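Asks: Before I ask anything, let me first share the structure, which is written out below as structure tokens.
Where a number appears in this text, it was derived from the coordinates with a stated rule and is not lab data. Fair warning: this is a prediction, and the values are worked out from it, not measured in the lab. Positions of Cβ are generated from backbone atoms using ideal geometry, with glycine treated the same way; all protein chains shown enter the neighbour counts.
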Ligand SMILES: *Cc1c(COP(=O)(O)O)cnc(C)c1O
């Protein structure tokens, strides 16, 4: 029996309707930009396995560091204990985060990172004797699949069964440059009764909304308003963090900095799961007290796992290397050139780019997970390219180590998909 056949017996996959879903592909190994299936067919990983493996799969430098750490210290409780990898990571990460970020709180994945950010924002007010119970979020945002994270994500049929249990959330559209004042006024109106505890957003690019981009200046004004009105701002950089937008973080494009930031995905370079919620001194100080109950009573068993911290440290070193920075700049240019050639194609409705992220909306109207989308997906797979179209949007977020030739293979697969399928 193949792995694909054995898989069906006991496994339940994420985000999958097993009755209608096509076959899963069994991946045997991965190296650099390539995934290899059980029949040794290779695929270029055009989305860095959900934006994680940005330095390439099974990166030798990261593996070496992690192997050493595994022999030294595997796991220890992070409540009452500390260790070198966590301390070092805090020192190195704080150096490149926006200047106001001072404290790091660890967890396991992007959803828990935002869940913790939400709890920080709510308890920040609670600790000061204020009851604020509304959160503001962008329409079509995505912040994860746990309850708090689902609540602040955009409404979707997938979350329907749980809506009755959600936190109260008011949603505003993203600023697009032309509607900035209007969006700011919407936010002002929502905050009229002084019940808004926080505002959570994916800065500049909304990944799950098919890489929708918005206006940095517009977002900056929203953050400024929140800062002046005691509304805690949360930048969810789980997808955008660590170089994807061309800078270390999407918030580096803003002049007003968020109070809280969330990281995961590329944080550990795709090796092991981990997440961090960082915050400013102001947030930390609101929990610092002689009263036990004012602390943040949240914790996960594997908090700040030394192996995960080591992977993150090695990733940070690579990110800041000249080589990776040059690669990132080169990808930005390749996308710009490809975009020039393709953007006015009649079968393309629009294109957009933010740093190393590039997206194309096709000129068709279809469902997010419909048959057309599967046809596109299969076309890429047949051509040895792993891309994961969302509805009518094809997007690329390839590992930074991708070569020009490999990127051209992705572009060619997109070209031929447009000729043959659209
Ligand atoms: C992926 C993602 C999450 C959720 O992270 P998980 O690790 O899948 O729980 C949250 N926010 C954003 C912006 C994401 O892209």
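Asks: Using a 7 Å offset from the Cα along the Cα-to-Cβ direction at both residue 229 and residue 388, what is the distance between the two label points in nm, to one decimal?
Replies: 3.6
Asks: Which order results if 21, 330, 39, 10 are arranged by neighbouring Cβ count within 10 Å, fewest first?
Replies: 10, 39, 21, 330
Asks: Show me the ranking of peptides 379-390, 114-125, 279-290 by mean Cβ neighbours inside 10 Å, starting with the highest. If you can, show how the numbers build up before the last one.
Replies: Details: 379-390: 18.8, 114-125: 24.1, 279-290: 15.7.
Going by the mean number of other Cβ atoms within 10 Å, highest first, we get 114-125, 379-390, 279-290.
Asks: Mind checking the angle between helix 60-72 and the chain's longest principal axis? C-alpha axes, 0 to 90 degrees, to the nearest 10.
Replies: Roughly 50 degrees, rounded to the nearest 10.
Asks: Right, another one. Where does the stretch 318-422 land on the Kirkwood hydrodynamic radius, alpha-carbon pairs, in angstrom?
Replies: Values: mean 1/r = 0.0704 Å⁻¹.
Computed over the stretch 318-422, the radius equals 14.2 Å.
Asks: How much length would be gained if the chain were fully extended between residue 317 and residue 366, taking 0.36 nm per residue of separation minus their Cα-Cα distance, in nm to one decimal? Spell out each step's value before the answer.
Replies: Values: separation 49, 0.36 × 49 = 17.64 nm, distance 4.23 nm.
13.4 nm is the gain from fully extending residue 317 to residue 366.
Asks: While we're looking at this one, here's another question. Can you tell me the 0 to 90 degree angle between the C-alpha axis of helix 404-420 and the longest principal axis of the chain, rounded to 10?
Replies: 70
Asks: Once you compute Rg and the Kirkwood Rh from C-alpha atoms, what is the Rg to Rh ratio for the chain?
Replies: When Rh is taken as the Kirkwood radius, the ratio is 0.96.
Asks: Now for a different question. Just check the stretch 154-286 against the gyration tensor rule for me: Cα atoms, a ≥ b ≥ c as the square roots of the eigenvalues, rounded for a/c under 1.5, and otherwise prolate or oblate depending on whether a/b exceeds b/c. Before the final figure, lay out the partial values.
Replies: On the way: a/c = 1.33, a/b = 1.21, b/c = 1.09.
It is rounded, given that a/c, with a ≥ b ≥ c, falls under 1.5.
Asks: Which peptide among 231-237, 141-147 comes first, and what is the full order, when sorted by highest mean count of other Cβ atoms within 10 Å?
Replies: Details: 231-237: 29.0, 141-147: 20.4.
Taking the mean over residues of other Cβ atoms within 10 Å, the ranking is 231-237, 141-147.
Asks: As I understand it, the value is the acute angle between the Cα axis of helix 84-96 and the longest principal axis of the Cα atoms of the chain; what does it come to in degrees, rounded to 10?
Replies: So the inclination is approximately 90 degrees.
Asks: Test of understanding: ordering 239, 292, 407 by Cβ neighbours within 10 Å, fewest first, what list do you get?
Replies: Final ranking by Cβ density, sparse to dense: 292, 407, 239.
Asks: Provide the descending list of Cα extents for the stretch 258-306 along its principal axes, expressed in whole angstroms.
Replies: 39, 27, 13 Å, listed from the longest principal axis down.
Asks: Starting from the Cα-Cα distance between residue 157 and residue 326, subtract it from 0.36 nm times their residue separation and give me the gain in nm to one decimal.
Replies: Extra length from residue 157 to residue 326 when fully extended: 56.7 nm.
Asks: If r is the Cβ-Cβ distance from residue 63 to residue 420 and R0 is 51 Å, what FRET efficiency results, to the nearest 0.05? Spell out each step's value before the answer.
Replies: On the way: r = 39 Å, r/R0 = 0.77.
Efficiency for this residue pair is about 0.85.
Asks: Using a 10 Å cut-off around each Cβ, can you sort 12, 50 from fewest to most neighbouring Cβ atoms?
Replies: In order of increasing Cβ crowding within 10 Å: 12, 50.
Asks: When the convex hull of the C-alpha atoms of the stretch 1-152 is computed, what volume per residue in Å³ does it have?
Replies: Looking at the stretch 1-152, the number lands at 216 Å³ per residue.
Asks: Moving on. Shape verdict for the stretch 100-226, please, from the Cα gyration tensor: rounded (a/c under 1.5), prolate (a/b greater than b/c) or oblate. Provide the component values of the computation, followed by the final result.
Replies: On the way: a/c = 1.32, a/b = 1.10, b/c = 1.20.
Here the stretch 100-226 falls in the rounded category.
Asks: Using R₀ = 22 Å, calculate the FRET efficiency as 1/(1 + (r/R₀)^6) where r is the Cβ-Cβ separation of residue 345 and residue 31; round to 0.05.
Replies: Working from the Cβ atoms, E equals 0.05.
Asks: Something else: To one decimal place, what orientation-averaged projected area in nm² is obtained for the convex hull of the Cα set of the stretch 261-360?
Replies: 10.2
Asks: Stretched out fully, how many nm does the piece from residue 13 to residue 333 gain, at 0.36 nm a residue minus the Cα gap?
Replies: Working: separation 320, 0.36 × 320 = 115.20 nm, distance 3.64 nm.
That pair, residue 13 and residue 333, stretches by 111.6 nm at full extension.
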